[in-house]
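**Student:** What follows is a structure written as structure tokens; I'll ask about it next.
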Amino acid sequence: MGNNKYKVLIVEDDRTIASFIQTILETNGYQVLTAERCRQGILVFTSHLPDLVVLDLGLPDMDGEEFIRQIRSVSTVPIIVLSARTEEADKVSALDLGANDYMTKPFGTGELVARIRAALRTSRHAGLIPELPGGNFVAGDLVIDFDRRQVTAAGKSIHLTQTEYNILALLSQHTGKVLTYAAIIREIWGGMDDGSVKKLQVNMANIRKKLGCRPGDNRYFINELGVGYRMLDE
Ligand code: CA
């Protein structure tokens, strides 16, 4: 990477956690900026334009969600949310506001570095998708041909319904990122009703079966329970 280091902004008021993350990231070759408050974070973001933000949701001056709202109005920078809260609702609302990923404290060094790498990889690819009508998506032995709307897995052609195909294509366009149930449902069916989540789960089960996944086999995507689905990129 040389002089071309990725810049990561850490917005976290707990100094022990902030310096733990800073040490890990510097050891792994990242340049680190820090802020202890939401407003300060927004200022540092605007003046340094980091490549990625690690954001604590519980900040003293404003809720971290307000940070996501403000940054998302001007930037698509990947945001990884840190939460001490384990409630599903916080993760879901942060993701629906546009955070790319979340981690629940306490987390390990390996997990943090892996999530940051994945988020940076996704953001590099994300900019390309709108300029590529058609083309192929490839992850491991899974290939999606967007021009022909055809899917193959392990060399075998997979016959999906329109809806199943649309869901798989949507997930593939956000590889590495958790898409919440609500976000997928909005894209595929246009709106939520009481049966929507169940309908999505049934479609996902069918997709898994057609791709040859047994129960518990997370080869292509993971169900983040109570939150949404994440397509894997390798
Ligand atoms: Ca905090």
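The values are calculated or read from the model by the stated rules, or taken from the named source; none is laboratory data. Just so it is clear, the structure is predicted and the values come from calculations on it, not from any experiment. Reconstructed Cβ throughout: ideal geometry from the backbone, glycine too, with neighbour counts over all protein chains shown. With ligands, DNA and RNA removed, areas are computed over all heavy atoms of the protein, side chains included. Shrake-Rupley method; radii C 1.70, N 1.55, O 1.52, S 1.80 Å.
**Student:** Restricting the search to segment 14-40, which residues are within 15 Å of the ligand (Cβ to nearest atom) and under 21 Å from the mean Cα position of the chain (by Cα)?
**Tutor:** Selection gives I21 alone.
**Student:** Quickly run through segment 69-84 and pick out the residues that are surrounded by 14 or more Cβ atoms within 10 Å (Cβ to Cβ), assigned to a loop (DSSP other than H, G, I, E, B) and not aliphatic (A, V, I, L, M).
**Tutor:** The answer is S75, P78.
**Student:** Let me ask something else about it. Please state which of the following conditions L33 fails to meet, knowing it meets all the rest: (1) open to solvent by 30 Å² or more (accessible area, probe 1.4 Å); (2) touching a His at 6+ places or on another chain (Cβ under 9 Å).
**Tutor:** With respect to (1) open to solvent by 30 Å² or more (accessible area, probe 1.4 Å); (2) touching a His at 6+ places or on another chain (Cβ under 9 Å), L33 is out only on (1).
**Student:** Here's a follow-up. Conditions first: (1) modelled with pLDDT of 95 or more; (2) basic (K, R); (3) more than 15 Å from the ligand (Cβ to nearest atom). R72 passes all but one, so which condition is the exception?
**Tutor:** (1) is the only condition that R72 fails.
**Student:** Within segment 52-68, restricting attention to residues that are within 8 Å of the ligand (Cβ to nearest atom) and assigned to a loop (DSSP other than H, G, I, E, B), which residue is farthest from R121 (Cα to Cα)?
**Tutor:** Within segment 52-68, the match that is farthest from R121 (Cα to Cα) is P60.
**Student:** Also: Return the residue satisfying two criteria in turn: it lies in segment 154-181 and is small (G, A, S), under 17 Å from F221 (Cα atoms) and over 12 Å from the mean Cα position of the chain (by Cα), and of such residues it is surrounded by the most Cβ atoms within 10 Å (Cβ to Cβ).
**Tutor:** By that ranking, first place goes to A169.
**Student:** Among the residues of segment 15-38, which ones are out of contact with any helix residue (DSSP H, G or I) (no Cβ under 9 Å at 6 or more places or on another chain), among the charged types (D, E, K, R) and either touching a residue at least 12 places away in the same chain (Cβ under 8 Å) or assigned to a loop (DSSP other than H, G, I, E, B) (or both)?
**Tutor:** R15, R37
**Student:** Among L43, L49, which is the only one that is at positive phi, of a type outside the set (S, T, N, Q) and away from the ligand (no atom under 16 Å from the Cβ)?
**Tutor:** L49
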